[in-house]
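Following: one structure in structure tokens, then a few remarks.
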Amino acid sequence: MSDAQPYDLVITGDIVLADRIIPGGHVAVRGEVIAAIGQGAPPPAAKLARFDGKLVLPGLVDGHMHTSSSTGWPGIEGATLSAAAGGVTTVCDMPYDVPQPVTSPDVFREKVGWVERTSHVDCALYATIRKEGGIEEIAGLAEAGASAFKLSTYEYDAHRFPRIDHPTMLAAFAEIATTGLMVAIHNEDQELVVKLTEAAKAAGNTSPIWHCRTRPPITETMADLEIFEMALETGAHVHIAHSSLARGFELAKLYRGQGARTSGEACIQYLCMTEEDIVRLQGFGKCNPPFRTAAEVERMWEAVRAGIVSYVSTDHAPWPRPKKEYHGDIFAVGAGLTGMQSFAPLMYTLLVERGLPATVMARLCSEEPARFHGLDPRKGGIRLGAEADFCILEPGEFVFDERTIRDREDARWSPWHGRAMKARVASTWLRGQEIWDGTEVKAKPGTGRFVPRQHRRSALEA
Ligand SMILES: [Zn+2]
């Protein structure tokens, strides 16, 4: 195709790349991919979309979310609707689904079918293994296009979300190492959490703060050490699925220095929420690991600035509202927060509040999660040849309102309801098509596609 021919689409605005911002720039699109990036007068195009004065970011890639923990695969539809409205164009969905976790290639392919029929945005999929056995399925799951594996040191449910014992985990890591995929781990020590919870309940300590007290930092770092030792032993790329502690990233770096492939991600709540917030929010502030102290939030930002946080995700888990209501026993409340639709405005706000540029967001909420899930070079940035996925942010003074969440009625709750935001998502584009115009989601169920892992290179070796 000649360069003289008009582009299909040109978007103007301040273009946010991973390393710099192009003020008064433009991105030109042919078909579904980015064909040119420039500054100044926009080139001829069949369609011109002007976002002058707004930020054109790469579509966000949420490396960690749960569409189907409470509703099963029908949950994909609503969770991805809120993604479209939130500027998130690719989600990496966890495998702990009801009634059937993703433990075999057949189940994986069945879930891919649901994604292709019902998703509003593009979707990569994690896979997992059964509590007993299941290691023989790992190669087939990688072959089917899984972006990563997920295992847990803590048991929520023996079938859906089991604890994997040490011998099984070690064998699983050795097998996963041969696939080249990352394995993300839910990192909490089972014995400590169970004992501390039993003791709290026996003493009648069931108010919200006891969720934090029964899962102190040591419960997390004990699990980090176990999995990193096994990483060193097996050569697998072992990744903390959510570190609420700067120490998790420091340990990952320490083990990398010793030759292991270790990394970790922060969820956005650990970059702003504190223990006081669970007292205020009660059940709607319950997640695992729990919120930490204000001093720990500061240390988390030091880890971000030091470049040891691999990426930032949401851990979005849209539990039905009744499951989050506190009636005197915090232990009876489901763990997990909604965070998809607030992700982009909140991340931008936190960066503004800390004097950091939007490029950090392009890197930690798009480029890096895409790389860790092997979705590059198709996903994760405004680059020539990448898919034309954009999140357009309109800077200003806004307030996040949970009633605007585009998901089923009982999932319209947010721990950030009422929070002041420094931007809103004015528009979202998926592969060259606008899927959110600031008011309405234009994507339909099935507009989104399954995105298989593109290669077997580890993000730690690039
Ligand atoms: Zn999670």
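Among Ser263, Ser310, the ranking by other beta carbons within 10 Å of each residue's beta carbon, starting with the fewest, stands as Ser310, Ser263.
Positive-end ranking of Ala386, Ala41, Val107 along the dipole of the chain, with charges on Cβ about the Cα centre, is headed by Ala41. Legend: calculated FRET efficiency, Leu225 to Gln5, from the Cβ-Cβ distance at R0 = 51 Å, rounded to 0.05, equals 0.30. Counting 0.36 nm for each residue step from Arg305 to Asp410 and taking away their Cα separation leaves a gain of 34.1 nm.
Going 7 Å from the Cα of Thr178 in the Cα-to-Cβ direction, what parts of segment 230-247 have a backbone nitrogen less than 16 Å from that spot? Those under the cut-off are 234-237. Summing Cβ point charges (Lys, Arg +1; Asp, Glu -1) relative to the Cα centre of segment 99-202 gives a dipole of roughly 240 debye. Under the classification rounded if a/c is under 1.5, otherwise prolate if a/b is larger than b/c and oblate if not, where does segment 184-312 fall, given a ≥ b ≥ c as square roots of the Cα gyration tensor eigenvalues? Oblate. Using the Cβ-Cβ distance between Leu356 and Glu136 with R0 set to 41 Å, the FRET efficiency works out to roughly 0.35. Between Ala36 and Ala420, the FRET efficiency from the beta-carbon distance, with R0 = 56 Å, is close to 0.90. Mean residue ellipticity at 222 nm, helices only, the chain: -8500 deg cm²/dmol; runs of at least 4 DSSP H residues each add -39,500 (n - 2.57), and the sum is divided by the number of residues.
Whole-Hz Karplus values for segment 300-313 come out as 4, 5, 4, 5, 4, 4, 6, x, 9, 8, 5, 7, 10, 10 Hz, taken residue by residue from phi with 6.51 cos²θ - 1.76 cosθ + 1.60 and θ = phi - 60°; glycine and proline positions read x. Taking amide H positions as modeled 1.01 Å from N, with prolines and chain starts lacking one, the residues under 5 Å from Arg292 and 5 or more places away or on another chain are Glu275.
Taking the average, over residues, of other Cβ atoms within 10 Å as the packing measure, peptides 123-129, 226-232, 178-184, 167-173 rank 123-129, 178-184, 226-232, 167-173 from highest down. Our coupling estimate for segment 177-191, obtained by passing each phi through the Karplus curve with A = 6.51, B = -1.76, C = 1.60 and θ = phi - 60°, is 4, 6, 8, x, 7, 7, 10, 8, 10, 6, 10, 9, 7, 4, 4 Hz, Gly and Pro reported as x.
Taking packing as the residue-averaged number of other Cβ atoms within 10 angstrom, the listed peptides 441-452, 348-359 run from highest to lowest as 441-452, 348-359. Solvent-free Debye calculation, one equal scatterer per alpha-carbon of segment 318-430: log10 I(q)/I(0) at 0.10, 0.12, 0.19 Å⁻¹ equals -0.38, -0.54, -1.08. Computed from label points 7 Å out along Cα-Cβ, the spacing between Phe398 and Ala294 is 2.8 nm. Semi-axes of the equivalent ellipsoid of the chain are 34, 25, 21 Å, computed as sqrt(5λ) over the eigenvalues of the C-alpha gyration tensor in descending order. Residue-wise HN-Hα couplings along segment 245-252, as the Karplus relation 6.51 cos²θ - 1.76 cosθ + 1.60 with θ = phi - 60° gives them from phi, are 10, 4, 4, x, 6, 5, 5, 4 Hz; Gly and Pro carry x.
Of interest is the spacing of the C-alpha centroids, which for segment 389-462 and segment 271-305 amounts to 23 Å.
In the chain, with Lys and Arg counted as +1 and Asp and Glu as -1 at Cβ, which of these residues, Tyr96, Thr219, Gly307, has the Cα nearest the positive end of the dipole, that is, farthest along it? Going by the Cα projections, it comes out as Gly307.
Considering only beta bridges that DSSP places wholly inside the chain, some 45 percent are antiparallel.
Full extension of the segment from His159 to Glu198, taken as 0.36 nm per residue of separation minus the current Cα-Cα distance, would add 11.8 nm.
Quick note: the coordinates plus some simple rules give every number you see, no bench work behind them. Values in this document were obtained by computation on a predicted structure and should not be read as measured data. Every residue, glycine as well, gets a Cβ built from its backbone with ideal geometry; the counts of neighbours run over all protein chains shown.
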